[in-house]
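Colleague: This is the structure I want to talk about, given as structure tokens.
The values are calculated or read from the model by the stated rules, or taken from the named source; none is laboratory data. Everything quoted here is computed from the prediction, not taken from an experiment. Reconstructed Cβ throughout: ideal geometry from the backbone, glycine too, with neighbour counts over all protein chains shown. Ligands, DNA and RNA are excluded from the accessible area calculation, which covers all protein heavy atoms including side chains. Shrake-Rupley method; radii C 1.70, N 1.55, O 1.52, S 1.80 Å.
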Amino acid sequence: SEHDIEDICSTAQRAVRDDPTIKYIAIDYVELITSRSGTKGSLEVMNHALRCLVALKKKLRIPIFLVSQLRRRSSDADPSEEPEMGELKGSGLSMH
């Protein structure tokens, strides 16, 4: 599928090989990434995906940016505070 980390990495490698002027890769909606590796659960899939992306970054020698949505904050949260890891959708961490 188009969200498989294996397909994402293959596509990125081909794109950089075909166009060496590519300076970085950006992946949006990280929480939608899946894997054909047989890993179970969103945290295991994300850990596998991150290991694959670290290896890809080392191979391609360009930065890879990951973008994820944040959960909506409660109405009593201070809007000036920086987001925390638990606010990342699909992070597996609970919000305080």
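Colleague: Would you list Thr39, Thr21 from the most to the least accessible area, probe 1.4 Å?
Modeller: Ranked list, largest accessible area first: Thr21, Thr39.
Colleague: Could you sort Lys23, Lys57 by accessible area so the largest value comes first, with the probe set to 1.4 Å?
Modeller: Final ranking, largest accessible area leading: Lys23, Lys57.
Colleague: Report the extension gain between Val54 and Asp19 in nm, rounded to one decimal, defined as 0.36 nm multiplied by the number of residues separating them, less their alpha carbon distance.
Modeller: The Val54-Asp19 span can extend by a further 10.5 nm.
Colleague: Right, another one. Please find the FRET efficiency linking Asp4 to Arg61, where r is the Cβ-Cβ separation and R0 is fixed at 30 Å, and quote it to the nearest 0.05.
Modeller: Step by step, r from the Cβ atoms, then E = 0.80.
Colleague: Taking the C-alpha atoms of region 1-61, how large are the radius of gyration and the largest Cα-Cα span, Dmax, in Å?
Modeller: When restricted to the Cα atoms of region 1-61, Rg and Dmax are 11.7, 36 Å.
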